[in-house]
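Report on one structure; see the data block that follows.
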Amino acid sequence: MRHAFIRLALAGLAMLGLLAAGAGAQAQEKVSFPSRDGTTLDGYLFRAKAANGPGPAVVFAHGCGGLIGKTGINARETDWAQRLTGAGYNVLMVDSFTPRGVKTMCAPATFRSEVYRARPQDMYGALAYLQAQAFVDPGRIALMGWSQGGGAVLNTLRVNSAARPAGLAPARDFQAAVAFYPGSCSADRQRGGWSTRIPLLVLTGEKDVWTPLQPCEALLTEAASAGSPVTLRIYSGAYHDFDWPGLAYRERPEFRTKEGVVPIVATDPAARADALARVPTFLSRHLEPGAQ
């Protein structure tokens, strides 16, 4: 398998066409299911539009601000759900925070390590829930996360993940994953090394100071060199949250890191357009019947 590490100089590219959202997602259904740590989790289920028999599904892992904002589910996750359900995927958004009494973990003072460590357990709980649904093909499920949720993706996929059920057959595991600007993407955070057998697409911005590029690129380069099926896309000039729709450039001093870095967030239209096209192509490649 070819492991691609490509820096995209989007500033000079023509604007890519956005992936059509289709007719949009059906109304969400709130569901409950157990995490593998025993916590009863909330989930928001979006059924694929015009499904014909059991179909593929994608589990969403939210970022440090949680899934639910003042006006409901975050615009980023809602936008992705609309697009993916329009493309034939069922989507299950996992709320790892509300059932545990957490609102946000973006600042060092609000970070709860025990909740973060539990999130891979949540992802495998979501996998088991989806595999029990008649409208989901149990062998065609992917995982997708953003920022802290992207870190949860890395920790879920790693070969020696403690959250993975003992004896889980590869054909019943996640078949692909996408991580946007992931946390925990460094040798320092992944002590003992990191590797995966599950195809992973990582998308990150060159100017991201919240989850910086350099240590992540080094970790993934080493993993790919050892055989992990990892693809990294680096968007030139893009900041954190580049795929969030309509997000103006903003510095977030209230989330200053322990190292004193002030996070910056902003939509990058070119990076967002590329991601909106690239992610469904990646998922289709790995979730089509007989892909594995």
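The values are calculated or read from the model by the stated rules, or taken from the named source; none is laboratory data. Note that the structure is a prediction, hence the values are computed from the model and not measured. When we count neighbours, we look across all protein chains shown, and the Cβ atoms used for this are built from the backbone with ideal geometry, even at glycine.
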Is it fair to say residue 61 is in contact with a Gly (Cβ under 8 Å, 6 or more places away or on another chain), modelled with pLDDT of 95 or more and closer than 26 Å to residue 185 by Cα?
yes
Just the residues that are touching a strand residue (DSSP E or B) at 6+ places or on another chain (Cβ under 6 Å) and in a loop (DSSP other than H, G, I, E, B), please, taken from segment 48-65.
48, 54, 63
Do we find a residue being surrounded by 22 or more Cβ atoms within 10 Å (Cβ to Cβ), touching a residue at least 40 places away in the same chain (Cβ under 8 Å) and closer than 30 Å to residue 104 by Cβ anywhere in segment 245-260?
no
Consider segment 64-87. How many of its residues are over 21 Å from residue 273 (Cβ atoms) and either touching a residue at least 24 places away in the same chain (Cβ under 8 Å) or in contact with a Phe, Trp or Tyr (Cβ under 9 Å, 6 or more places away or on another chain) (or both)?
6
Filter segment 73-101 for residues that are in contact with a helix residue (DSSP H, G or I) (Cβ under 8 Å, 6 or more places away or on another chain) and among the small types (Gly, Ala, Ser); the one that is modelled with the highest pLDDT is 96
Kindly list the number of the only condition in (1) of a type in the set (Val, Ile, Thr); (2) in a helix (DSSP H, G or I); (3) touching a strand residue (DSSP E or B) at 6+ places or on another chain (Cβ under 6 Å) that fails for residue 231.
(2)
Do we have residue 209 as in contact (Cβ under 8 Å) with a residue 40 or more places away in the chain, in a loop (DSSP other than H, G, I, E, B), under 19 Å from the mean Cα position of the chain (by Cα) and surrounded by fewer than 22 Cβ atoms within 10 Å (Cβ to Cβ) here?
yes
Identify the residue in segment 261-274 that is out of contact with any Lys or Arg (no Cβ under 8 Å at 6 or more places or on another chain) and either assigned to a helix (DSSP H, G or I) or of a type outside the set (A, V, I, L, M) (or both) and, among all such residues, is surrounded by the fewest Cβ atoms within 10 Å (Cβ to Cβ).
269
Residue among 220, 203 that alone is touching a residue at least 24 places away in the same chain (Cβ under 8 Å), over 24 Å from residue 38 (Cβ atoms), under 15 Å from the mean Cα position of the chain (by Cα) and surrounded by 17 or more Cβ atoms within 10 Å (Cβ to Cβ)
203
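Checking the condition of a type in the set (D, E, K, R) and either under 21 Å from residue 86 (Cβ atoms) or modelled with pLDDT under 95 (or both), which residue from 288, 217, 222 passes? Lay out the reasoning, then the answer.
Working: 217 fails: either under 21 Å from residue 86 (Cβ atoms) or modelled with pLDDT under 95 (or both); 222 fails: either under 21 Å from residue 86 (Cβ atoms) or modelled with pLDDT under 95 (or both).
Unique residue meeting the criteria: 288.
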